[in-house]
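Working notes for the structure below.
The values are calculated or read from the model by the stated rules, or taken from the named source; none is laboratory data. Given the structure is predicted, the values throughout are model-derived calculations rather than measurements. Here the Cβ positions follow ideal geometry from the backbone for every residue, glycine too, while neighbour counts run over all protein chains shown. Remember, those area values only see protein heavy atoms, side chains included, never the ligands or the DNA or RNA. Shrake-Rupley method; radii C 1.70, N 1.55, O 1.52, S 1.80 Å.
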Amino acid sequence: MVANTITISKAGVSIGRSSDNDIVINDPLVSRHHCRLTFDDNGNMRLTDLNSVNGVYVNGTRISNEVSLKRTDIVKIGNTILPLQNFQPIPASPPVPQNGTGIEIKTKFFPLAFLWLFCSPKIEFNGQKFRSPWGKRFFKLPAGEYNVSIYIPYLFWRRCGENSINVKVIAGQTAKISFYAPLIVFSKGSIKTI
């Protein structure tokens, strides 16, 4: 399998077994909130063990505090090895402006469908395509009606989990949409306005 890049905002990503993590790993040896992966201001990768029961191992050594990582390091949590070469920093998404005109989209995936972790969702507004990391993102758009389509490219299939919704954006307001990727690749994702 060829993994896509996983983009990480300045806030970083939480990794663990609980569904409220940014990256969910279904492994009985992984704690509910196991560790956090961040990038510092210079683009250096940092890893922090969140007091996990079974620990975080870097190159076979258990870490006790925050450590700096190199892309060649092997990070193991439970029975899972994290593909560090696939993680890339991105600037933090700008906060949703008060009374901003546009659409805020929150994308998530079912915890057992951890393979989505290696893919980035694509979002289309009336056919115009954007790639977005998992999580919440604001798109500044003029007032009007939009057909919003969200899907995930996966291996040879370009539009897995595709679903769409029509949204009306009113001047000075933010329309909010939630997309939940399906457990099964060929099923439709769940999309709704919030």
Local charge sum around LYS129 (other residues, Cβ-Cβ under 12 Å, Lys/Arg +1, Asp/Glu -1)?
+3
Sequence-distant or interchain residues sharing an amide H contact under 5 Å with GLN173, placed H: which?
GLY102
Listed residues TYR146, TYR151, TYR57 arranged by accessible area, highest first, probe 1.4 Å
TYR57, TYR146, TYR151
Arrange the residues PHE139, PHE130 by how much accessible surface each exposes, largest first, with a 1.4 angstrom probe.
PHE130, PHE139
So the carbon and sulfur contribution to the accessible area of the chain, 1.4 Å probe, in percent, is 52 percent
Within 10 Å, count the other beta carbons around each residue, average over each peptide in 60-67, 119-126, and list them highest first.
119-126, 60-67
Under a 1.4 Å probe, what is the accessible area of the chain per residue, stated in Å²?
55 Å²
Subtract the Cα-Cα distance of SER68 and LEU29 from 0.36 nm times their separation in residues, and report this length gain in nm to one decimal.
11.7 nm
Under the rule of at least 5 residues apart or a separate chain, name every residue whose amide H is placed under 5 Å from the amide H of ASN163.
ILE150, GLY189
Setting aside same-chain residues fewer than 8 positions from LYS136, which aspartates and glutamates have a Cα under 15 Å from its Cα?
ASP20, ASP22, GLU104
For the chain, what log10 I(q)/I(0) values come out of the Debye formula at q = 0.11, 0.15 1/Å, with one point per alpha carbon and no solvent?
-0.54, -0.93
